[in-house]
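Data block below; observations after.
What follows is calculated from the coordinates using simple rules that are stated; it is not laboratory data. The model shown is predicted, which means the values in this text are computed figures rather than measured ones.
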Amino acid sequence: MGKKGKSFVESKDAAVEIAKSVAEVEEQKVRRKVEQHHSKISSLKTPPQEKRRTSSKARLERAKAAVAAKAAQAKKEKAKLRRKGGSSAGDGDASNPQTGPRESSRKSGGEPTKKRVTFG
């Protein structure tokens, strides 16, 4: 009147043998995966050194770009000062030799000298 449980294996010894064989197969799969993972890691150990080189190259490029940007900014500032009249540029200090001669060639009013030509 009650249900009987399904019996796939006749004896308990056979069930234990099947469980052992399944466990061995699974363990072999896991070992294979671990070996593959370790081999990938060992083969990937050399590229990080290359990455370091590229990162140092990248840092060098960034540093060069920063220096170029700083030089461009300084050039823009000089141009602005020239357009304004150069009153705040200083009186030809040694650090900025380009402003010295230009300042001396200007009139005291800050306007550049203009040559006047008459025809006739």
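Each residue of the stretch 15-32 was assigned a 3J(HN,Hα) from its phi angle through the Karplus expression (A = 6.51, B = -1.76, C = 1.60, θ = phi - 60°), giving 5, 5, 5, 5, 4, 5, 5, 5, 5, 5, 5, 5, 5, 5, 4, 5, 4, 4 Hz with x at Gly and Pro.
For Lys80, a cut-off of 17 angstrom between C-alpha atoms picks up these lysines, skipping any fewer than 8 places away in its own chain: Lys70.
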